[in-house]
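Bear in mind that the values in this text are calculations on the coordinates, not laboratory data. Keep in mind it's a predicted model, so treat the numbers as computed, not measured. When we count neighbours, we look across all protein chains shown, and the Cβ atoms used for this are built from the backbone with ideal geometry, even at glycine.
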Amino acid sequence: MSTSLRPVLSPPETELSPELLRKLHELMVKGRLLEERLMQMYRQGDGYFWIGGPGEEAFNVPLGLLIEKGRGPQYDYCHFHYRQSATLLAMGADPIDSLRMMKNTATDPYTGGRNFSGHYSIREWNVVPISSPIEVQYAMAPGTAIAQKRIAGGRGITIVTGGDAGTAEGDFASCLIWSSRPANPLPVLILVTNNKWGISTHWQGQHGEKRISDRGKAFGIESKTIDGNDPEICYRELRGAMEYVRSERRPFLMEAIVSRLYGHSSASGANRVNDEADCLQGFEHRLEERGLLTRAQIEELRARFAAELQEAHRKVRQEPMPEGRTIFDHVFSDRDLVRERP
Ligand SMILES: Cc1ncc(C[n+]2csc(CCOP(=O)(O)OP(=O)(O)O)c2C)c(N)n1
């Protein structure tokens, strides 16, 4: 597939430590295997729908490692979209819970077995419920950022992610406008993972602007496009952008060019594509060349995670589905009031 998109290359900066590089790699492998297991579950009838982020690990893992997680406005607020499983893993989520959400078991801690795969919600970490209608998260993000701005000395920021096609929605424009009002600029890190597709519509026919990040310029928002397939670039650039938003209390718009390795979702077949760069393969070659990992160590890591996920799958298969009486739990703020209505 041809594309006219060229990421802006980052200037050389300080090297990341070997420990951090191995950690990034380990989480990227874990993230990829988790998605492959979820797709397998869907194919085996242990789930109704798959959507996730295989191909975005080089961006999503560094993001998760850099987030200041916690509850309340002193910590980062996360307004994510549905391709963020590797970010959650990097934040410390247990992979078995993603399997539970896939299987819609009552044990799913994110939605009690009531939502699609990839639709996380974690109050303790300020992970706002992920929405199926795309892009609404961009309109909500300024709200938490306003709360964070009001806190004197606060370093918490709001982080919002979404896809390239969704930037055509008005919610994205609302985010740019509300984050950059001169009277009250907001600490929002506005992220767009550009995989060059909106389900089956290619980027090239839809965007008059050269880069999505260019749209920030009109609002005076610091903006950048980066190579989202390179975890070292992603880590450094995200770290820099986050530090800017944390200390300046102003917005930053970052576009990351990523790959979509299994199509849009199970609705489009979830088959492996071979014409897009695989960030994990590229990173592994680099780590081998630098002598930081051997092929045998990489294979051992994969085998270990694959066995763990297989075991988790077996366990989740035995877990109960939610009971009918819980259907209104967590949907309305006052369940009894709703029940009393005629
Ligand atoms: C408001 C709304 N319109 C349309 C859809 C159908 N839809 C689901 S995903 C998607 C494509 C989104 O593409 P993009 O924003 O590039 O994100 P990606 O899925 O590629 O990461 C569309 C149109 C939807 N879910 N919500």
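Listed values, structure above:
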item: Of Gly154, Val136, Phe172, farthest towards positive along the dipole that unit charges on Lys, Arg, Asp, Glu beta carbons give the stretch 126-201; result: Gly154
item: Fully extended contour minus Cα-Cα distance, from Arg123 to Glu248, at 0.36 nm per residue; result: 42.4 nm
item: Calculated FRET value between Arg317 and Ala152, using beta carbons and R₀ = 56 Å, to 0.05; result: 0.65
item: Extension reserve of the Arg181-Ser131 stretch, reckoned as 0.36 nm per residue once the Cα distance is removed; result: 15.4 nm
item: DSSP-defined beta bridges in the stretch 149-229 - what % are antiparallel, rounded to 5; result: 25
item: Largest-first principal axis extents of the Cα set of the chain (Å); result: 60, 51, 42
item: For the stretch 215-220, 3J(HN,Hα) per residue [Karplus equation, 6.51 cos²θ - 1.76 cosθ + 1.60, θ = phi - 60°, Hz, x = Gly/Pro]; result: 5, x, 4, 4, 9, x
item: Segments 27-34, 162-169, 121-128 sorted - mean Cβ within 10 Å per residue, highest first; result: 27-34, 162-169, 121-128
item: Translational diffusion of the stretch 231-342, µm² s⁻¹ [Kirkwood Rh, Cα pairs; Stokes-Einstein; 25 °C; 0.890 mPa s]; result: 123
item: Fraction of antiparallel bridges per DSSP, the stretch 18-340 only, in percent to nearest 5; result: 10
item: Violating pairs (Cα-Cα greater than 24 angstrom) within the set Lys23/Lys210; Lys30/Lys315; Lys149/Lys210; Lys69/Lys149; result: Lys23/Lys210; Lys149/Lys210
